[in-house]
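What follows is a single structure, written as structure tokens, with notes after it.
The values are calculated or read from the model by the stated rules, or taken from the named source; none is laboratory data. Every value quoted in this text rests on a predicted model; they were computed, and no experiment measured them. Cβ coordinates were reconstructed from backbone atoms using ideal geometry, including for glycine residues, and neighbour counts include every protein chain displayed. Surface areas here come from the heavy atoms of the whole protein model, side chains and all, with no ligands, DNA or RNA. Shrake-Rupley method; radii C 1.70, N 1.55, O 1.52, S 1.80 Å.
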Amino acid sequence: MFRRRASEAKHVATVPDGGPGAGPAGHGARPDPGPGPASPASPASSGAEEPGRAAPEPWGPAPAGLDVSAPHPARVWNYWLGGRDFFAADKAAGEEIGREFPHLAEMARAERAFLVRAVRFLAGPARIRQYLDIGAGLPAGGTTHEIAQGIAPDSKIVYADNDPAVLLHAKALLGNPMLASTPDGAVCYTEADLRDVAAVLAGAGSALSLSRPVALIMLGVLGHVDDYGAARSIASQLMDALPAGSYLVAADGVAANQGIVSAQRRYDVSARPRYGTSAPTPYGLRRPDELTSFFDGLDLIEPGVVPCPGWRPDGRGPESASEDAAAAYCGVARKP
């Protein structure tokens, strides 16, 4: 639910990718030598934890200039996804929040598993080679560039985020050869707020050709835009700026039942005391038909807008999804 922290728009600043030959990871970047995206045993790639598998442990120093004494939403998310870019405070918060609000961790994993399957489709049958992932948070197993470049090494990926802590982590992590771009492709982060469409597009244009098809990815972020009309406008403006043949990939939590709605409201109230100034903005759960409306004017790919576990399941995740995981809906659509 909080891959990013919503804040005021900032200037665009691209974090260069490390790329092979950049040397060992610096500034506390931690290698993550886990299984690749095709491994059914990897929680990071499937979006689900293996039964009996020990939770990941943080290791390595923090990137220079980063305070890790308090938890941060993006690092808690990374912990839930089985990554390693978190610290003791983040692990403690992740475990506490997971017990109190289990729908958050479940939805995080469901959205990540959907992302893996969606990018496999885009990089494979759809032959997309450019990706703009907004609010991506921290690199972890099963990221957009890991999946896309594993299929098509010449893929180019721009991650857009507006959180200074995320950008500090990203600069260190993408300097790690295990997370950096392939020689034929490109991976970079750009600093931009989702609500500043011009800044997002300017940052994307630093590495992508916006005259050729782009996959626009927005997972768990549109719910942070409180006004429904404003959220629809943002999605429309971004897709209007992209050429025919581009794709929209979106997922967000929905008001699946009153229990989920009540839990989300309680979490939103508790977020600022937990995280302080890094707390995410409140997250609005919309109806499934409202989420579907973000794809208006586009050609939905089968099976349409469905709970994340039901979008083209490939047998690599759990056989059945919990009610909490099914509260995240998703879809993929092509611009005609």
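Amide H of G135 versus every other amide H placed in the peptide plane: which residues, excluding those fewer than 5 positions away on the same chain, fall under 5 Å?
Distant-sequence amide H within range of G135: A160, D161.
List the residues, sorted by chain then number, that are 5 or more residues from Y247 or on another chain and whose placed amide H is less than 5 Å from its amide H.
Under 5 Å from the amide H of Y247 lie the amide H atoms of V214, A215, L216, K335, each far enough along the sequence or on another chain.
With labels modelled as points extended 7 Å from the Cα through the Cβ direction, what inter-label distance (nm, one decimal) is found for R99 paired with R312?
Spacing of the two 7 Å Cα→Cβ label points: 3.9 nm.
With each label point set 7 Å from Cα along the Cα-Cβ vector, what nm distance links V261 and T277?
Taking the simple label geometry, V261 and T277 are separated by 3.6 nm.
FRET efficiency for A202 and D154, Cβ-Cβ distance as r, R0 = 25 Å, nearest 0.05?
0.60
Taking H as built 1.01 Å from N, whose amide H comes closer than 5 Å to the amide H of Y189, not counting residues under 5 places away?
HN-HN under 5 Å from Y189: V15, Y159.
Take the Cβ-Cβ distance between A64 and D289 as r, set R0 to 45 Å, and report the resulting FRET efficiency rounded to the nearest 0.05.
Rounded to the nearest 0.05, the efficiency is 0.45.
Hey, could you get me the Stokes-Einstein D for the stretch 206-277, Kirkwood radius over alpha-carbon pairs, 20 °C and 1.002 mPa s, rounded to whole µm² s⁻¹?
Diffusion coefficient, whole number: 146 µm²/s.
Taking all protein chains in place and a 1.4 Å probe, what share, in percent, of the accessible surface of the stretch 233-336 do carbon and sulfur account for?
52 percent
Report the far tail of the P(r) of the stretch 60-144, meaning the percent of Cα-Cα pairs longer than 16 Å.
When every Cα pair of the stretch 60-144 is considered, 57 percent fall beyond 16 Å.
If I compute solvent accessible area with a 1.4 Å probe over the protein chains, what percent of it on the stretch 144-207 is carbon and sulfur?
Summing carbon and sulfur atoms, their accessible area is 58 percent of the total for the stretch 144-207.
Roughly how many Å² is the accessible area per residue of the stretch 151-229, as a whole number, for a 1.4 Å probe?
Using a 1.4 Å probe on heavy atoms only, each residue of the stretch 151-229 averages 31 Å².
So what does F121 come to for accessible area, using a 1.4 Å probe and Å² rounded to 10?
We get 30 Å² for F121.
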